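Structure first, commentary second.
The values are calculated or read from the model by the stated rules, or taken from the named source; none is laboratory data. On a predicted model such as this, the values are computed, not experimentally measured, just so you know. Please note: Cβ atoms are built from the backbone with ideal geometry, for glycine as well, and neighbour counts cover all protein chains shown.
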DNA sequence: GCAGTTTAGCAACGCTGTTGCGTAATAGAA
DNA sequence: TTCTATTACGCAACAGCGTTGCTAAACTGC
């Protein structure tokens, strides 16, 4: 820790983010409600709400009469007090969204990217579209195909893009944009969007994305899960047919090759069933209780995939799984990238800030 | 929160457990080393070490001369200051171990269980073997086949045991033993043992267990991962052959049925290759960088499985995966159950104690 | 023996949430 | 209208956390 007094500050930040997280899930709230939900004393909540009001994150919006006694002040989040920009760098297009603190998408633009674009070309496009979006964001999030290193901000080998080998994209973008930048896999950004919008009940979920490849973003135990090399969720390249056709990844009978082959043959139902088998495999492995379906290719026939998935999931008296389509549709990746920025700044920190990696 | 002052206490507990965690990974340590590793100031470390010494968890064991200046006091963990009992309730045997605070197995016993034993029979056996083990444990951990609910301490339907439907085993055992009891799936307990012994570098790992069924215990992001219904890691019932033979779970071509069929036919190499395919699927999904092989059936031919697994895992310049056998062998489940008790009492808490599930 | 260096810890401090208690605001009864 | 009970709010004092300032202790090297 290089800043003195860090530990009490972390305690304070932790409690503040706890209250912000609660504020995001409720249209309105009062002091007693926050105290009850968080376990803090009402007086402590007063102090926290005072600080948050001072930062403009929260405001009083009325009083609540509940019979006898002095009416309680009603607070609410000020969604417009903070903004973030999220970017989805796909293979041919750049999608840029502006979101507010509540996770609402305020603006969304799509511009084409040059074929087989270079890092420089992407940076130019990002700067152009970010400037055009405006909004004075607290940061910019970038969602992109992997493999990449989230912690280091380096793109190892963007799939099907020749000019991308160990590119320090986060650092480059940070210099170009002069705001904090987060880099993450597209699917992880996507599941963050769902988790951010659906609140703390969404503790374990997977976002299944079918869009020039099949991948999954994982949200496990209340946080984005990326694995040891930011490469978790490559479930398109799990084998479901040992003697199946050869896949580009080197193995045979991968989910992706079987799915894509069926789609190419016009057998969409079979493709959806194959995907559903893979999803149930994922459920067996991770035991998430929320499945979110997303991706351009999937959302062209949402009802087919949704039905096949629901049909494939077994039920029991103690197990339940929700299957839904991505609420934000095509914006989900970009919006999630923006929410990762907000999450870093206003979300509940996963550690207390002390290095535990000794 | 029902206890006042809870939040500052949590800060204190957090820092204390941070120091204990560090003490577990180092034979000896001094104030400056802890301060450097944790980010706390030396004076804060003094206070923490003073409290831990008072609790008997840590002791001074000498001084270190490093040239000029006053020598630094050398501290070390007192492994014998705390003990825990771990229990592995398998289908036919009850394994009971006693471990110390460092995770060393001090005693290990195996006793038979009646065929198709009842909850009452298991409780009797647990009480008997726990009493016999002695050691005044801080708690008892039970590792068992699922499905079960870790948080509620309820066994839903122990696989292949008829008398087990929604049994509140944790509560029953707690009343019978008069110490805190933890209940978890066997594989999760097992991976906890590996993680506890290998320290903070083991952040993402999977323990593969082949023993009357195939399962995986997951350790993701530095903590045991159980999923939404304590049912994560059921990877024996992931489909790897869409048109494969029917499995007991209702689907076809599960990893387990293919593996067991090959073993029954004497084709151990094929069985190991099938398992290895499943393991690579697991790596694709979770991106863990540690694979631990365990289970009685697997450890009968460890080299076959180890070789097949190593051969199946692709390598790249940014990706590395370690494949090892369970260090504790047959004790791994029971020892892990004991370490879960120690982890709850002396491990780094995952939350700051405030309810965030509003 | 003295100077220089490093460690250890007491004491004061700032900041956190908590507790005690006074004040404000309301409904309902007198 | 007036009084009382009730509920909400917040100032002030407090306990406990890690931090900072400073002094004492213990050692090496000259």
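Just checking, how many residues over the range A:82-103 are without any contact (Cβ under 8 Å) to a residue 40 or more places away in the chain and outside any strand (DSSP E or B)? Step through it out loud before you land on a result.
Pass one, the range A:82-103, residues without any contact (Cβ under 8 Å) to a residue 40 or more places away in the chain: A:92-94, A:100.
Adding the requirement that they be outside any strand (DSSP E or B) leaves A:92.
Going through the range A:82-103 one residue at a time, the tally reaches 1.
For the range B:156-171, which positions are more than 18 Å from the chain's Cα centre (by Cα) and surrounded by 20 or more Cβ atoms within 10 Å (Cβ to Cβ)?
To start, the set of residues in the range B:156-171 that are more than 18 Å from the chain's Cα centre (by Cα) comprises B:156-169, B:171.
If the condition is that a residue be more than 18 Å from the chain's Cα centre (by Cα) and surrounded by 20 or more Cβ atoms within 10 Å (Cβ to Cβ), then B:156, B:158, B:161, B:164, B:167, B:169 are the ones that fit.
Residue A:14 meets the conditions (1) free of Cβ contacts under 8 Å to residues at least 60 places away in the same chain; (2) out of contact with any helix residue (DSSP H, G or I) (no Cβ under 7 Å at 6 or more places or on another chain); (3) within 14 Å of DNA strand D (Cβ to nearest atom) in every case but one. The failed one is (1).
If you go through the range B:325-341 one residue at a time, do you hit one that is within 14 Å of another protein chain (Cβ to nearest Cβ), under 28 Å from residue A:226 (Cα atoms) and crowded, with 22+ Cβ neighbours inside 10 Å? Break it down stepwise before answering.
We begin by selecting, within the range B:325-341, every residue within 14 Å of another protein chain (Cβ to nearest Cβ); these are none.
No, the range B:325-341 contains no residue that is within 14 Å of another protein chain (Cβ to nearest Cβ), under 28 Å from residue A:226 (Cα atoms) and crowded, with 22+ Cβ neighbours inside 10 Å.
For the residues B:273, B:306, B:256, the requirement of being crowded, with 16+ Cβ neighbours inside 10 Å and more than 29 Å from residue A:271 (Cβ to Cβ) singles out B:306.
Within the range A:2-11, can one find any residue that is within 30 Å of residue B:43 (Cβ to Cβ), more than 14 Å from DNA strand C (Cβ to nearest atom) and surrounded by fewer than 20 Cβ atoms within 10 Å (Cβ to Cβ)?
Initially, the range A:2-11 is screened for residues within 30 Å of residue B:43 (Cβ to Cβ), giving A:2-11.
Keeping just the survivors that are more than 14 Å from DNA strand C (Cβ to nearest atom) gives A:2.
Imposing the further condition that a residue be surrounded by fewer than 20 Cβ atoms within 10 Å (Cβ to Cβ) reduces the set to A:2.
The answer is yes; a qualifying residue exists.
Residues that are under 23 Å from residue B:80 (Cβ atoms) and touching a helix residue (DSSP H, G or I) at 6+ places or on another chain (Cβ under 7 Å) within the range B:334-352 comprise B:335, B:336, B:337, B:339, B:340, B:343, B:346, B:347, B:348, listed in sequence order.
Does residue A:229 qualify as being in contact with a helix residue (DSSP H, G or I) (Cβ under 7 Å, 6 or more places away or on another chain), over 17 Å from residue A:294 (Cβ atoms) and facing chain B (nearest Cβ under 7 Å)?
On the way: in contact with a helix residue (DSSP H, G or I) (Cβ under 7 Å, 6 or more places away or on another chain): no; over 17 Å from residue A:294 (Cβ atoms): yes; facing chain B (nearest Cβ under 7 Å): yes.
Here the answer is no, as residue A:229 does not meet what is asked.
Could you list all residues from the range B:16-36 that are at the interface with another protein chain (Cβ under 8 Å from one of its Cβ atoms) and crowded, with 22+ Cβ neighbours inside 10 Å? Even if it seems obvious, please write down each step before you answer.
Taking the range B:16-36 as the starting set, the residues that turn out to be at the interface with another protein chain (Cβ under 8 Å from one of its Cβ atoms) are B:18, B:21-22, B:25.
Selection gives B:18 alone.
Answer with yes or no whether residue A:105 is farther than 23 Å from residue A:335 by Cα and either away from every other protein chain (no Cβ under 14 Å) or in contact with a helix residue (DSSP H, G or I) (Cβ under 6 Å, 6 or more places away or on another chain) (or both). Answer is no for this residue.
Residue by residue through the range A:206-221, note down the ones that are surrounded by fewer than 24 Cβ atoms within 10 Å (Cβ to Cβ) and more than 8 Å from chain B (Cβ to nearest Cβ).
Once the filter is applied, which keeps residues that are surrounded by fewer than 24 Cβ atoms within 10 Å (Cβ to Cβ) and more than 8 Å from chain B (Cβ to nearest Cβ), the range A:206-221 yields A:211, A:212, A:213.
Among the residues in the range A:83-92, are any more than 18 Å from residue A:343 (Cα to Cα), surrounded by fewer than 22 Cβ atoms within 10 Å (Cβ to Cβ) and within 16 Å of DNA strand C (Cβ to nearest atom)? No, the conditions are met nowhere in the range A:83-92. With respect to (1) touching a strand residue (DSSP E or B) at 6+ places or on another chain (Cβ under 8 Å); (2) within 11 Å of DNA strand C (Cβ to nearest atom); (3) in a loop (DSSP other than H, G, I, E, B), the lone exception for residue B:27 is condition (2).
Scan the range B:37-48 for residues that are surrounded by fewer than 19 Cβ atoms within 10 Å (Cβ to Cβ) and part of a helix (DSSP H, G or I) and the total you get is 5.
Listed here are the residues, each with its yes/no results for (1) touching a residue at least 24 places away in the same chain (Cβ under 8 Å); (2) within 22 Å of residue B:344 (Cα to Cα).
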| residue | (1), (2) |
| --- | --- |
| B:19 | yes, yes |
| B:28 | yes, no |
| B:40 | yes, no |
| B:47 | no, no |
| B:51 | yes, yes |
| B:57 | yes, yes |
| B:63 | no, no |
| B:71 | no, no |
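Only one of the listed residues (A:278, A:295) is surrounded by 21 or more Cβ atoms within 10 Å (Cβ to Cβ) and more than 9 Å from every other protein chain (Cβ to nearest Cβ). That residue is A:295. Collect the residues in the range A:29-50 that are within 12 Å of DNA strand D (Cβ to nearest atom) and under 30 Å from the mean Cα position of the chain (by Cα), keeping them in residue-number order. Within the range A:29-50, A:29, A:30, A:31, A:33, A:34, A:35, A:36, A:45, A:48, A:49, A:50 meet the criteria. Would you confirm whether any residue within the range B:104-112 is in contact (Cβ under 8 Å) with a residue 12 or more places away in the chain and crowded, with 21+ Cβ neighbours inside 10 Å? Checked the range B:104-112: no residue is in contact (Cβ under 8 Å) with a residue 12 or more places away in the chain and crowded, with 21+ Cβ neighbours inside 10 Å. The number of residues in the range B:49-78 that are within 8 Å of DNA strand C (Cβ to nearest atom), outside any loop (DSSP other than H, G, I, E, B) and over 15 Å from residue B:33 (Cβ atoms) comes to 1.
Of everything in the range B:104-144, what is outside any helix (DSSP H, G or I) and within 16 Å of residue B:182 (Cβ to Cβ)? Give them in sequence order. Don't jump to the end; show me each part of the working.
Taking the range B:104-144 as the starting set, the residues that turn out to be outside any helix (DSSP H, G or I) are B:104-118, B:134-144.
If the condition is that a residue be outside any helix (DSSP H, G or I) and within 16 Å of residue B:182 (Cβ to Cβ), then B:137, B:138, B:139, B:140, B:141, B:142, B:143, B:144 are the ones that fit.
The single condition among (1) within 12 Å of DNA strand D (Cβ to nearest atom); (2) at the interface with chain A (Cβ under 10 Å from one of its Cβ atoms); (3) at pLDDT 90 or above that residue B:8 does not satisfy is (3). If you go through the range B:57-100 and keep only what is over 24 Å from the mean Cα position of the chain (by Cα) and more than 16 Å from DNA strand D (Cβ to nearest atom), you end up with B:59, B:75.
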